[in-house]
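Step one of this worksheet: look at the structure below.
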Amino acid sequence: MKILVPVKRVVDYNVQVRVRADQQGVETTGVKMSMNPFDEIAVEEAVRLKEKGVATEIVVLSIGPAQAQDTLRTALAMGADRAVLITAEPNPEPLAVAKLIKAVAEKEGPSIIILGKQAIDDDMNATSQSLAALLDWPQGTFASKVEVKGEEVEVTREIDGGLETVALKLPAIISTDLRLNEPRYAALPNIMKARKKPLETLTPADLSVDVTPRLETLKVAEPAKRQGGKKVGSVAELVEKLKTEARVI
Ligand code: AMP
């Protein structure tokens, strides 16, 4: 069984993001970039399925600038077998990304595609759902447990009311939630080995996918600064302030 894992290069989760002067996005020059944390969980899950003898090959895929190679090498060091880089700058929007993943899936024929539930840079949470619609495959989003059982995969999903378990016929799409697993750190020998693993580079044109944006960014802005808290003397004063100052009741 082959597993395809799309991984995105994003601003590292420890970095305090800054809006670019032109208000068209966030600053990425000179900023530490890393694999999207939910994608690390996706790679880890694929590696665990391989260690259990369920999966035989893990292909990782990234769409982005040439530097996304580093993200792919990290995934290879964690245990993926092969990587595909589709160079595209700026990063295409989710529908175009989903079309590119679909094109690779049609070439590779994976039984499972595991994505992150969302990329932490733009919090779109749209790619896995778009991909499932384009491929017309069943999907289990926000997975906290994955079990392959013959021709099906059982996915436990984190939903508002608790947990929901769905059985999906393979091939299927899964998106990871935070509690699915704790990703491993790649050991040094594996980082060295990863340098020699195959990495194929393609362009959207090679896959006949049009990545022309359909969305227009009007403006990216910092959130409003938080005001300091105030102590109130009584419930009556609190109600009064909620009415007259916060104007929420
Ligand atoms: P999003 O819908 O943008 O929040 O992203 C959800 C998931 O889609 C991510 O966690 C990745 O698994 C995948 N994805 C999104 N953008 C890319 C990209 N440029 N390259 C590879 N995978 C991506």
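Before moving on, here are some points about what is shown:
- Residues satisfying the stated conditions in the stretch 38-83, i.e. aliphatic (A, V, I, L, M), more than 10 Å from the ligand (Cβ to nearest atom) and farther than 18 Å from L178 by Cβ: L49, V54, A55, I58, V59, A66, A75, L76, A77, A80, A83
- The lone exception for D70 - which of (1) part of a helix (DSSP H, G or I); (2) more than 30 Å from E147 (Cβ to Cβ); (3) in contact with a Leu (Cβ under 7 Å, 6 or more places away or on another chain) it fails: (3)
- Residue in the stretch 167-181 that is more than 29 Å from E27 (Cα to Cα), free of Cβ contacts under 8 Å to residues at least 24 places away in the same chain and surrounded by 12 or more Cβ atoms within 10 Å (Cβ to Cβ) present: yes
- Per this entry, E51 is not counted among residues that are crowded, with 18+ Cβ neighbours inside 10 Å and either in contact with a Ser or Thr (Cβ under 6 Å, 6 or more places away or on another chain) or modelled with pLDDT of 95 or more (or both).
- Residue list for the stretch 108-123, filter: surrounded by fewer than 20 Cβ atoms within 10 Å (Cβ to Cβ) and in contact (Cβ under 8 Å) with a residue 60 or more places away in the chain: E108, G109, S111, I120, D121
- Of everything listed in (1) more than 20 Å from V84 (Cβ to Cβ); (2) touching a Leu at 6+ places or on another chain (Cβ under 7 Å); (3) hydrophobic (A, V, I, L, M, F, W, C); (4) assigned to a strand (DSSP E or B), the single unmet condition for L163 is (2).
- When the stretch 193-237 is filtered for residues that are among the charged types (D, E, K, R) and not in a loop (DSSP other than H, G, I, E, B), the ones remaining, listed by number, are K193, E200, D206, E237.
- Residue count for the stretch 87-105 under the criterion of being farther than 18 Å from S175 by Cα, buried (at least 19 other Cβ atoms within 10 Å of the Cβ) and either over 16 Å from the mean Cα position of the chain (by Cα) or more than 11 Å from the ligand (Cβ to nearest atom) (or both): the result is 1.
- For the stretch 1-37, the candidate set comprises residues that are of a type in the set (V, I, T), part of a loop (DSSP other than H, G, I, E, B) and within 16 Å of the ligand (Cβ to nearest atom); within that set, the residue that is surrounded by the most Cβ atoms within 10 Å (Cβ to Cβ) is V7.
- Every residue from the stretch 106-127 that is in a helix (DSSP H, G or I) and either within 12 Å of the ligand (Cβ to nearest atom) or out of contact with any strand residue (DSSP E or B) (no Cβ under 7 Å at 6 or more places or on another chain) (or both): E106, K107, T127
- The single residue among I86, I63 that is closer than 20 Å to T201 by Cβ, touching a Lys or Arg at 6+ places or on another chain (Cβ under 8 Å) and not small (G, A, S) turns out to be I63.
- Residue within the stretch 238-248 that is touching a residue at least 24 places away in the same chain (Cβ under 8 Å), part of a loop (DSSP other than H, G, I, E, B) and either of a type in the set (V, I, T) or more than 30 Å from V19 (Cβ to Cβ) (or both) present: no
- Any hit, the stretch 201-213, residues being closer than 30 Å to A96 by Cα and either in contact with a Pro (Cβ under 7 Å, 6 or more places away or on another chain) or among the basic types (K, R) (or both): yes
- Selection count, the stretch 168-223, where residues are over 21 Å from T127 (Cα atoms) and away from the ligand (no atom under 16 Å from the Cβ): 21
The values are calculated or read from the model by the stated rules, or taken from the named source; none is laboratory data. This one's a predicted model, so the numbers in the text were calculated from it and none came from an experiment. All Cβ positions, glycine included, derive from the backbone under ideal geometry; neighbour counts span all protein chains shown.
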